[in-house]
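Heads up: the structure comes next, in structure tokens.
The values are calculated or read from the model by the stated rules, or taken from the named source; none is laboratory data. Worth saying up front: this structure is predicted, and the values here are computed from it rather than measured. Every residue, glycine as well, gets a Cβ built from its backbone with ideal geometry; the counts of neighbours run over all protein chains shown. For the accessible areas, the whole protein counts, side chains as well, though only heavy atoms, and no ligand, DNA or RNA atoms are used. Shrake-Rupley method; radii C 1.70, N 1.55, O 1.52, S 1.80 Å.
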Amino acid sequence: HACAQMSLFPCGIGVSLGIAIASVMKKHGGDLDVPEYVLAPEDVEQEVARFHGAQRRARDQLRQVRDQIPGGTPGEIAAFIDTHLLMMDDRSLTEAVVSVIREQRINAEAALRRQRDALVAVFEQMDDPYLKTRKDDVQHVVARILRILLKSERQLPSRTEDASEPTAIVADDVTPADIILLAQQNVAAFITEYGGPLSHTAILARSLGIPAIVGLRDARRLLREAELVIVDGEAGHVLADPDKGALDFYLAKQER
């Protein structure tokens, strides 16, 4: 009855149990605008070096995240970061991109985007649901390197030390590295427009006990910054601007 009195958004996929009552904080990401241009022959090796430099910086960023994981945290959490580190050094990514830069004489961003699309297409053809979802990891790894090449590295929302209001992060997608950093800021829930229940992001949210919903299309458009929402990670529901009846109902469910 209470649900009928408030705004109930289309269902996403609940991937981590629990109830969160929190204020929306949008994390802006979205598709990167990747230019493509032809290189002069004498600039090719310099472009290869630029790509390797971006790889090194991306690797350093992930290692810093791994170093921030608190002691006593389950081992699989660090393993998600290690998976992305391994992917960054995989020949199907590194050597293939360098070959495209050299053979087609195009810039590193464009070469990386082309190889990403080729790898994602391979994963999408797989029958195994878990392996198919690994395309998300390819996209996360490539996006990190692309942002460095484009000098548009994404900034996570920051919280002040005395911030006490629970926050629900709303984003197009959230990487495992994002979750590890945001979990240390006591984020109450995650809502993403993309992803599935077998993504590393979903598995990590479950491991950390943070309510999460994925695949909720148009969430960033429909939800307002700082709006109060109830996130039901079991049902896959987000209830916006709840009335007192709904709050009481979900506070009781949260306590149970």
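Where does each of 47, 103, 76 land when they are ordered by accessible area, with a 1.4 Å probe and the largest first?
Values: 47 15, 103 145, 76 85 Å².
Listed by decreasing accessible area, they come as 103, 76, 47.
Going by accessible area, probe 1.4 Å, with all protein chains left in place, what is the ranking of 16, 207, largest first?
Result of the area sort, largest leading: 207, 16.
On a 0 to 90 degree scale, rounded to 10, what angle separates helix 94-104 from the longest Cα axis of the chain?
50
Give me the distance in nm between label points sitting 7 Å out from Cα along the Cα-to-Cβ direction at residue 235 and residue 59, one decimal.
For residue 235 paired with residue 59, the spin-label model returns 4.8 nm.
Taking 0.36 nm per intervening residue step and subtracting the Cα-Cα distance, what contour gain separates residue 128 from residue 86 on full extension? Intermediate results must be reported in sequence, preceding the final value.
Working: separation 42, 0.36 × 42 = 15.12 nm, distance 2.11 nm.
Additional length available on full extension: 13.0 nm.
Treating the angle as unsigned and between 0 and 90°, give the value, to the nearest 10°, between the Cα long axis of helix 244-255 and the longest Cα principal axis of the chain.
70
How large a share of the accessible area of the chain, in percent, is made up of carbon and sulfur atoms when the probe is 1.4 Å and the other protein chains stay in place?
Details: 6360 of 12720 Å².
Ligands and nucleic acids excluded, carbon and sulfur give 50 percent.
Which of the lysines could a cross-linker bridge to residue 151, judged by Cα under 26 Å and excluding same-chain residues fewer than eight apart?
Counting by Cα, and skipping residues close in sequence, residue 151 has these lysines nearby: 26, 27, 135.
Extending each Cα 7 Å along its Cβ direction at residue 28 and residue 243, get the distance between those two points in nm, one decimal.
Between residue 28 and residue 243, the simple spin-label model gives 3.5 nm.
Measure of size requested: the Rg and Dmax of the chain, with Cα atoms as the atom set and Å as the unit; please supply both.
Here Rg and the maximum Cα pair distance are 20.0, 70 Å.
Mind giving me the FRET efficiency for residue 165 and residue 79? R0 is 45 Å, r the Cβ-Cβ distance, nearest 0.05 is fine.
Values: r = 32 Å, r/R0 = 0.71.
Plugging the Cβ-Cβ distance into 1/(1 + (r/R0)^6) gives 0.90.
Using the Cα centre of the chain as the reference point, and only Cβ charges (+1 on K/R, -1 on D/E), how large is the resulting charge dipole? Debye, rounded to the nearest 20.
I would put it at about 120 debye.
To the nearest 10 degrees, how steep is helix 108-124 against the longest Cα principal axis of the chain, on a 0 to 90 scale?
60
Can you give the FRET efficiency to the nearest 0.05 for residue 49 and residue 152, using r as the Cβ-Cβ distance and R₀ = 22 Å? Present the calculation step by step, with values, prior to reporting the outcome.
Numbers: r = 20 Å, r/R0 = 0.92.
E between residue 49 and residue 152, to the nearest 0.05, is 0.60.
Enter the accessible area per residue of the chain (Å², integer; probe 1.4 Å; all protein chains in place).
Numbers: 12720 Å² over 256 residues.
Per-residue value: 50 Å².
For segment 107-256, report the % of Cα-Cα distances exceeding 27 Å.
30
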